[in-house]
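The values are calculated or read from the model by the stated rules, or taken from the named source; none is laboratory data. All of these numbers come straight from a predicted model, not from anything done at the bench. As a convention, Cβ positions derive from the backbone with ideal geometry for all residues, glycine included, and neighbour counts pool all protein chains shown.
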Amino acid sequence: MGIELLPDIILQKYEVHEWKHACAILKSDFPAEWSDLTDLLLNFKLCKSWIIEAGGRKSKVSEYIDGFLYNKGWQEKHFNTALHVDGYEMVSPTHKIDCYKNRIALEIEWNNKDPFFDRDLNNFRLLFDLRAISVGIIITRCDDLQAIFNQLGRGASYGASTTHLGKLLPRILGGAGAGCPILVLGIKSELFDERC
């Protein structure tokens, strides 16, 4: 079983990819987190106002996803990691995880520079190898949203070298996540809502 474990409505509104049985692990071993994730995906809509407003430190998309999950007990998490060899400590810092709960790490990459994907995938790899996480999840945008951005006069703000599915998938297919089970959710144009 794989992505078909997700409700059909989610599969219609998101482009979904998984590696190393991420969906089966989530649904079987982490049912509360699976429920939180499906609730988020079923309730999310991409508001027109979020696209036409000038950007700030954090996008409205990230704010919505963070807020939804934080209300369900997820939190931003930083891990203090180090390797010890013969009494010598080598500090191996990680970047903070946007949303974390019970060994599940979720990153939101809406409109960052695409090397942020490298950072996220390396984080997932390291934290999985250290047995700190069991699954990594990335939510990003699908390439088909570019037509909507262009139509709204915001296309230049969402450039080709920013985070979107077309920049993420080749990295994962090339092995960047290593052994970590990964679930990728691409926000499709079907989620766009002109009314909000």
**Message:** Is it the case, given these coordinates, that Phe128 is modelled with pLDDT of 95 or more and of a type outside the set (A, V, I, L, M)?
**Reply:** yes
**Prompt:** In region 39-57, which residues are within 22 Å of Ala147 (Cβ to Cβ) and surrounded by fewer than 17 Cβ atoms within 10 Å (Cβ to Cβ)?
**Reply:** Lys45, Lys48, Ser49, Ile52, Glu53, Ala54, Gly55
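Checking the structure you have, find out if any residue of region 3-14 is of a type outside the set (A, V, I, L, M), over 16 Å from the mean Cα position of the chain (by Cα) and at positive phi. Steps first, answer last, please.
Keep residues of region 3-14 that are of a type outside the set (A, V, I, L, M), which gives 4, 7-8, 12-14.
With the extra rule that they be over 16 Å from the mean Cα position of the chain (by Cα), the set shrinks to 4, 7-8, 12.
Now restrict to residues that are at positive phi: none.
No, there is no match, as no residue in region 3-14 is of a type outside the set (A, V, I, L, M), over 16 Å from the mean Cα position of the chain (by Cα) and at positive phi.
Look through Ile148, Ile139 and report the one residue that is closer than 24 Å to Ile9 by Cβ and in a strand (DSSP E or B). Before the answer, list the steps.
On the way: Ile148 fails: in a strand (DSSP E or B).
Criteria check complete, one pass: Ile139.
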**Item:** Filtered residue count, region 160-184, keeping only those that are touching a strand residue (DSSP E or B) at 6+ places or on another chain (Cβ under 9 Å) and assigned to a loop (DSSP other than H, G, I, E, B)
**Value:** 6
**Message:** Return the pair list, or none, for Cβ contacts closer than 7 Å from residues in region 6-28 that are under 19 Å from Phe44 (Cβ atoms) to residues that are of a type in the set (D, E, K, R), at least 6 apart or on different chains.
**Reply:** Gln12/Glu190; Lys13/Lys188; Lys13/Glu190; Tyr14/Lys188; Glu15/Lys188; Leu26/Glu33
**Complete:** Of the residues in region 133-154 that are of a type in the set (Gly, Ala, Ser) and surrounded by 14 or more Cβ atoms within 10 Å (Cβ to Cβ), the one that is farthest from the chain's Cα centre (by Cα) is Ser134
**Request:** Check whether at least one residue in region 40-59 is touching a residue at least 40 places away in the same chain (Cβ under 8 Å) and hydroxyl-bearing (Ser, Thr, Tyr), and report yes or no.
**Result:** yes
**Some residue of region 84-101 being crowded, with 19+ Cβ neighbours inside 10 Å, assigned to a loop (DSSP other than H, G, I, E, B) and not hydroxyl-bearing (Ser, Thr, Tyr)** = no
**Item:** Residue list for region 29-62, restricted to those being of a type in the set (S, T, N, Q), at pLDDT below 95 and in a helix (DSSP H, G or I)
**Value:** Ser49, Ser62
**Prompt:** For region 28-38, how many residues are surrounded by fewer than 18 Cβ atoms within 10 Å (Cβ to Cβ) and out of contact with any Ser or Thr (no Cβ under 9 Å at 6 or more places or on another chain)?
**Reply:** 5
**Asked** Are any residues in region 158-170 in contact (Cβ under 8 Å) with a residue 24 or more places away in the chain and surrounded by 14 or more Cβ atoms within 10 Å (Cβ to Cβ), and if so, which ones?
**Response** Tyr158, Thr162, Thr163, His164, Leu165, Lys167, Leu168, Leu169
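Here is a list: Glu107, Glu76. Which entry is closer than 21 Å to Lys188 by Cβ and part of a strand (DSSP E or B)? Step through it out loud before you land on a result.
Numbers: Glu76 fails: closer than 21 Å to Lys188 by Cβ.
None of the other options fit; the residue is Glu107.
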